[in-house]
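This report concerns only the one structure given below.
Bear in mind that the values in this text are calculations on the coordinates, not laboratory data. Because the structure is a prediction, the values reported are computed rather than measured. Here the Cβ positions follow ideal geometry from the backbone for every residue, glycine too, while neighbour counts run over all protein chains shown.
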Amino acid sequence: MQKCILIYDDDLEILTVCKVILDKENYHVETISNCENIIHDISIVKPDIILMDLWIPKIGGENAIKLMHQNEETKHIPVILFSASDEIEKVSKRINATGYLKKPFDILELKETIESRLS
């Protein structure tokens, strides 16, 4: 069965590149440019894993992940935090993200990070 990846980022180019790369790996990929309605989005998309930009506008990736972890229906979904921030590893640990990916990342790193968290 095809795994579903939900990607949140306000940079449309990042969303497009990630979608193209991951589509080629036979994942079903959904992209959203804001995370204000994260719980609703998850209920519709039903992702197996989420890639979340740390610096996404409005509520931000960190707060969105906190909302997920507080919700019984969404707290089990693995979340990979991704950002150009030098603090990405610390933030990832602080909010109990499943992992992190520092921008810029290469294609192999993206694929390996997702594959290792889904297996």
(Q) A 26 angstrom limit on the alpha carbon distance is what I want to check against. Which of LYS58/LYS111; LYS66/LYS103; LYS75/LYS111; LYS24/LYS75; LYS24/LYS66; LYS24/LYS93 exceed it? (A) LYS58/LYS111; LYS24/LYS75; LYS24/LYS66; LYS24/LYS93
Q | Debye log10 I(q)/I(0) for region 64-107, one point scatterer per Cα, at q = 0.14, 0.23, 0.25 Å⁻¹ | A | -0.33, -0.76, -0.84
**Q.** Per-residue [θ]222 nm for the chain (sum of -39500 (n - 2.57) over DSSP H runs n ≥ 4, rounded to 500)
**A.** -12500 deg cm²/dmol
Q.
If I model a spin label as a point 7 Å beyond the Cα along the Cα-Cβ vector, how far apart are those points for LYS90 and LYS46 in nm?
A. 4.0
Q.
Applying a 10 Å radius around every beta-carbon, put 21-30, 67-76 in order of their mean neighbour count, most first.
A. 21-30, 67-76
**Q.** Measure of compaction for the chain (Cα Rg per 2.2 N^0.38 Å)
**A.** 0.95
Q | Mean separation of Cα contacts under 8 Å (6+ apart) over length of region 5-119, as relative contact order % | A | 22
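Within the chain, which DSSP H helices have Cα atoms that stretch 15 Å or more along the helix axis and a mean Kyte-Doolittle hydropathy of at least -0.5?
Working: long enough: 12-24 (18 Å, 1.22); 60-70 (16 Å, -0.58); 107-118 (17 Å, 0.00).
Both cut-offs are met by 12-24, 107-118.
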